Structure formats: structure tokens, C-alpha cells
Amino acid sequence: MVTINVGVLLAVIVVMRLRRRTQARSRVEERNTALFVLALGIVIAPTPLGQGIFNVIKQLVNGISQAGT
């Protein structure tokens, strides 16, 4: 039996949806893409990968805020 990781499936969906040109998208498609991205974020947030991404973004924001002062 083949199992599909939900995070990988959502990542593939997001990449495929974002490859389309902006002019060809409707409001419904934009909303659905935003929901897919939100769901992907929720799925990977508790994983070590998600925590690593969070730490990198936190360091980046801290660096930007330190440079601005």
C-alpha cells in the first residue's frame, strides 16, 4: 500500500497553483491557493523542518530590526 505524505502533497499542489500566471487566476483560485498555503503551514509547523524554517525567519527578522535601529 502506498502512503502519501500530506505535507508533500500540499506542497506539490501549492507549487503547481503558483506556477500559473497571475492574470489567468480568478478570485476563487486565489482564495483556494491561500487556503492550501495555510493548510501546508499548519501541517509542517510542528515538524523539525517547520521549526527550522521558523528559526531562520525569526533570525532574519531580528537581524532586520537590529539593522533598522
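The values are calculated or read from the model by the stated rules, or taken from the named source; none is laboratory data. On a predicted model such as this, the values are computed, not experimentally measured, just so you know. Note that we place each Cβ from the backbone using ideal geometry, even for glycine, and neighbour counts take in every protein chain shown. Accessible surface is based on the protein model in full, side chains and every heavy atom, while ligands, DNA and RNA are left aside. Shrake-Rupley method; radii C 1.70, N 1.55, O 1.52, S 1.80 Å.
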| request: Could you pull out the trypsin sites (Lys or Arg not before Pro) across region 14-69 that fall in loop regions by DSSP (anything but H, G, I, E, B) with no more than 10 other Cβ atoms inside 10 Å? | output: Arg19, Arg21
| task | State which helices in the chain qualify, where a helix is a whole DSSP H run, it must extend 20 Å or more along its own axis by its Cα atoms, and its mean Kyte-Doolittle hydropathy must be at least -0.5. | result | 27-44, 48-68
| request: Please find the FRET efficiency linking Ala39 to Gln59, where r is the Cβ-Cβ separation and R0 is fixed at 22 Å, and quote it to the nearest 0.05. | output: 0.30
| note | If each part is reduced to its alpha-carbon centroid, region 43-69 and region 11-34 end up apart, in Å, by 25 Å
| If you compute Kirkwood radius over Cα pairs in Å for the structure shown, which of (1) 13.2; (2) 14.2; (3) 12.1 do you land on? | (2)
| Heavy-atom surface of the chain, accessible at 1.4 Å and reported per residue (Å²) | 84 Å²
| said: Looking at the chain as a GNM with Cα springs under 10 Å, which of Ile42, Ile57, Ile13 has the largest mean-square fluctuation? | reply: Ile57
